1. If I stretch the segment between GLN39 and ILE24 completely, what's the gain in nm (0.36 nm per residue apart, minus their alpha carbon distance), one decimal?
2. With springs only between Cα atoms under 10 Å apart, run a GNM on the chain and tell me which of LEU36, LEU70, LEU85 wobbles the most.
3. Just how large is the dipole of the chain about the Cα centre, in debye to the nearest 20, putting +1 at every Lys and Arg Cβ and -1 at every Asp and Glu Cβ?
4. Just want the answer: with Cβ charges of +1 for Lys and Arg and -1 for Asp and Glu, which residue in LEU64, ASN27, ILE44 is farthest toward the dipole's positive end in the chain?
5. Pull up the cross-link candidates among the lysines for LYS61, meaning alpha carbon to alpha carbon under 28 Å and not fewer than 8 places away within one chain.
6. Mean-square fluctuation check for the chain, GNM, Cα pairs under 10 Å: which of ILE44, ILE55, ILE71 is largest?
7. Hey, in the GNM for the chain with a 10 angstrom Cα cutoff, which one of ILE14, ILE59, ILE24 fluctuates hardest?
Amino acid sequence: MNTEENLDCIFCKIVSGEIPTEFIGENEHAVAFKDLYPQAPVHILVVPKSHSENISKMIIKSELEGVFDLIRTVTSEFTDGQFKLQFNSGSREGQTVFHTHAHVLSQQSK
Ligand code: 5GP
Ligand code: ZN
């Protein structure tokens, strides 16, 4: 389920502004910011504003649409149009922050 905010969650703190972070994109449902430890020349995280554990727990269509709209915006603004999109889901599969997020990775910025 989605809840507004999980007080122990680092991405909820980024969304709320408690951890100051520069947003390079935002819409009603999601924010985008640079990954602290980039794995590629362009490495952006797109994060829904509401807390959910991973993409499979996101059930509200308008929120999913908001996330994917922002992915489209940041890929067109910050990459040359070629990129990887990754949602690590579950610790075995590499998830370390348990608030849904998309990694946008590209070898070439715009
Ligand atoms: P995961 O491993 O869960 O798929 O991805 C979590 C990502 O969040 C990692 O790539 C990590 O570098 C990034 N990250 C963790 N803490 C912070 C933070 O406080 N600020 C930013 N900008 N990125 C973070
Ligand atoms: Zn959260």
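Only the coordinates and a few stated rules stand behind these numbers; no lab work does. Bear in mind the structure is a predicted one, so any value in this text is a computation, not a measurement. We place every Cβ from the backbone using ideal geometry, glycine too, and count neighbours over all the protein chains shown.
1. 3.6 nm
2. LEU36
3. 340
4. Among LEU64, ASN27, ILE44, the one farthest towards the positive end of the dipole of the chain is ILE44.
5. LYS13, LYS34, LYS49, LYS84
6. Answer for the Gaussian network model of the chain: ILE55.
7. Per the Cα network of the chain with a 10 Å cutoff, ILE59 tops the list.
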